[in-house]
Amino acid sequence: MKLSSKIRKIRYAGAGLLLLAAAGGPVAARGGEPVQQVRRELEAHAVPEVPAGRIAACVGQAEREGLPCEALACRVCEGLAKRVPPEALQAAVEARAARLREAHRLLGGAGCPACPRHGEGTRSLCCLLAQALESGVPPQVFSEILAKPDDAATARLPALVEAGEMLHLAGLGAPEIQAFLHEGRVGNWNRRETLGRARERVRRARAAVPPPRGQPPP
């Protein structure tokens, strides 16, 4: 199996796990615990010293920067549970850390609260935005919806980010996704409406693609 495919196997911790981590749930506590948890897990799984040290250093650096490094601890635990090779696990953790930094810069540049000391809701948003970026969603897709939102708009951002990632993975282009997100923002869609409309848009997009030869249409 190629390294890239191994990384893809642990690319998504799942929105629920990410939100739990960002909220400081039982998967990882605050105050330096993510780094200690990572070290314990790496030692328990006998990960070689070099990749183990680099993984722990990556999580520690993210913690010092004030990023929601609990998401990195989740990735480590999930990768170890799936027996991902150490070098692939290290690459996956470093990739997620890079996207967390990028998400942090996007949120800060758009006027959202900076990651250090911000509330659980924005930590969750940072995790979701990082996941979308790692999925390949162009950062500019989110530029409008992130632009200086008020409290009500900020509360709707997680669903819009999830919808943007969903549409990207379904093959929609950046202009289409931006138009969808713009409509959702100005229309004040709630979470249920946002994700429902996104799923319907994905369904229509898939129905418009001819099936492979010899395969019946959906």
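Per-residue answers, yes or no, for (1) modelled with pLDDT of 95 or more; (2) acidic (D, E); (3) surrounded by 21 or more Cβ atoms within 10 Å (Cβ to Cβ); (4) under 20 Å from the mean Cα position of the chain (by Cα):
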| position | (1), (2), (3), (4) |
| --- | --- |
| G24 | no, no, no, yes |
| V27 | no, no, no, yes |
| G32 | no, no, no, no |
| V35 | no, no, yes, yes |
| R39 | no, no, no, no |
| E65 | no, yes, no, yes |
| P68 | no, no, yes, yes |
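Find the residue count for region 163-184, including only residues that are charged (D, E, K, R) and surrounded by fewer than 19 Cβ atoms within 10 Å (Cβ to Cβ). Selection size over region 163-184: 2. Scanning region 80-102 for residues that are in contact (Cβ under 8 Å) with a residue 24 or more places away in the chain, out of contact with any Pro (no Cβ under 9 Å at 6 or more places or on another chain) and part of a helix (DSSP H, G or I) yields L80, A88, A91, A92, V93, E94, A95, R96, A97, R99, R101.
For region 128-154, taking the residues that are assigned to a loop (DSSP other than H, G, I, E, B) and among the hydrophobic types (A, V, I, L, M, F, W, C), the one that is farthest from F180 (Cα to Cα) is identified as A147.
The values are calculated or read from the model by the stated rules, or taken from the named source; none is laboratory data. The structure presented is a predicted model; accordingly, all values stated were derived computationally and were not measured. Reconstructed Cβ throughout: ideal geometry from the backbone, glycine too, with neighbour counts over all protein chains shown.
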